[in-house]
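Asks: Please find one structure pasted underneath; my questions will follow.
Just so you know, all these numbers are worked out from the coordinates, no wet-lab data involved. Keep in mind the model is a prediction, meaning the values are calculated, not measured. Virtual Cβ from ideal backbone geometry, glycine too; neighbours counted across all protein chains shown.
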Amino acid sequence: MLSIGLNAESLDHDDHHQQEAHLHGLVEMTLAIEGNTVELNLESPAANIVGFEHLASTPEQHASVTRAKTILDLPKQLLTFIGTRCESTTQQVDFSAVLKPVETHHKEETHSEHKEHTNEGHEDHQTHSEISARYRFHCDKGTKLTAIKVHLFDLFPRIETVHAAWVSDSNQASAVFTAGSTTINLERRQ
């Protein structure tokens, strides 16, 4: 229930929203923690993740996408949960902005069809491409989760700042993180 508001905002993919949120070096992260479930959404300019913002066309660009997909497909290396053990149960990573539709291997056929349709006739325009990832984790004891360490800066050196917002059963907050400050403190502040 808590994640509905966070998901609704992060799923808004109209061009106006992407143009406003698009800033190289910046990643938007939202977390919803309810009971033993943690939902994480990441939105980033493609340049932060793969180094470019167009369809991959060279072997080097394809290698960069493959490397990024390998990292984002293993959410265990993105975060460290402090206080309890949490395991990934579902994930969805969207590289459709930098891969041709047949290359994305998207699980959601309708989403890739929609993306293909909305990109028709726009290949020549300067675009701000986004890469998004959504994860759901199950924690052994959600009430014991006190903090989450974010490893994005180590994995993707082009990321300079993470704007994070989170809501839990007992707390909601937001913060800006840099490579020198990477831990989201979830404990309720007095």
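Asks: Between K144 and K76, what length in nm is gained on full extension when 0.36 nm per residue of separation is reduced by their alpha carbon distance?
Replies: 22.6 nm
Asks: Which net charge results when you count Lys and Arg as +1 and Asp and Glu as -1 among the other residues whose beta-carbon is under 12 Å from that of A133?
Replies: Every neighbour counted, the sum reads -3.
Asks: Oh, and also: Residue by residue, what Karplus-based ³J(HN,Hα) values in Hz, rounded to whole numbers, does the range 83-91 have, using 6.51, -1.76 and 1.60 with θ = phi - 60° and x for Gly and Pro?
Replies: In residue order, the calculated couplings are x, 7, 8, 10, 10, 5, 10, 8, 7 Hz.
Asks: Moving on to the next point. Can you figure out the FRET efficiency of Q92 with A175, using R₀ = 30 Å and their beta-carbon distance, to the nearest 0.05?
Replies: 0.75
Asks: With respect to the cross-link table entries K76/K141; K76/K144; K69/K141; K76/K100, which display a Cα-Cα separation exceeding 24 Å?
Replies: K69/K141; K76/K100, as the Cα separations exceed 24 Å there.
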